[in-house]
Amino acid sequence: MANTFINIMNTTCPQCNKGKVFDEKSPFLNIGFPKMNKNCSNCNYKFEKEPGYFFGAMYMNYGLTVAESIATYVIAQQFFTARFDLRIIPIIAVVIIGLASFNIRLSRMLWLYMFKNYTM
Ligand SMILES: [Zn+2]
């Protein structure tokens, strides 16, 4: 389980844990839409199994975004006297936009690891 977490953070192939999923040097620090490799360079594992395979990753992305928004609210709320200060909303917006690129990559990695072949 700890290894899986490390592999997801390193964006390595779910099959062999060696090849890279993204065609980028530091996947989580990039801005913009991710460039993905079609196949694993090491074991030739196909990342996008069918057209629209990563459509489901959008739901992972949504879940991550909601979780981050709630976490941001809980942290930001400590600095305001009112229970719900409207000034928290722009703070949440900035955090979400800042993490958007990270979320796309993380959700795709989670999606790949959720549906990898665990019997091998
Ligand atoms: Zn591989």
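Any read-out appearing in this document is the output of simple, stated calculations on the displayed coordinates, not a laboratory observation. Because the structure is a prediction, the values reported are computed rather than measured. Using ideal geometry, Cβ is built from the backbone for each residue, glycine included, and neighbour counts are taken over all protein chains shown.
Remark: the Cα gyration tensor places the chain in the prolate category, a/c being 1.5 or greater and a/b exceeding b/c. For the options 76, 100, 57, a Gaussian network treatment of the chain with springs between C-alpha atoms closer than 10 Å singles out 76 as fluctuating the most.
Assuming 1.306 mPa s and 10 °C, estimate D for the range 34-95 with Stokes-Einstein, Rh taken as the Kirkwood radius over Cα pairs, in µm²/s. It diffuses with D of about 108 µm²/s by this estimate.
What are the chymotrypsin sites (Phe, Trp or Tyr not before Pro) within the range 41-120 that DSSP puts in a loop, where the Cβ has at most 13 other Cβ atoms within 10 Å? Sparse-neighbourhood loop chymotrypsin sites (Phe, Trp or Tyr not before Pro): 79, 80, 84, 115, 118. Residues considered: 61, 42, 17. Largest GNM mean-square fluctuation over the chain, using C-alpha springs under 10 Å, is found at 42. Scanning residues 5 or more positions from residue 22 or on other chains, those with amide H under 5 Å from its amide H are 37, with H placed 1.01 Å from N in the peptide plane.
Note on the chain: GNM, Cα springs under 10 Å; of 86, 106, 64, the largest mean-square fluctuation is that of 86.
If the chain between residue 97 and residue 114 were fully stretched, how many nm would it gain, using 0.36 nm times the residue separation less the Cα-Cα distance?
Here the segment from residue 97 to residue 114 would lengthen by 3.6 nm.
Where only DSSP H runs of four or more residues are counted, the chain gives -16000 deg cm²/dmol as its mean residue ellipticity at 222 nm, each run worth -39500 (n - 2.57).
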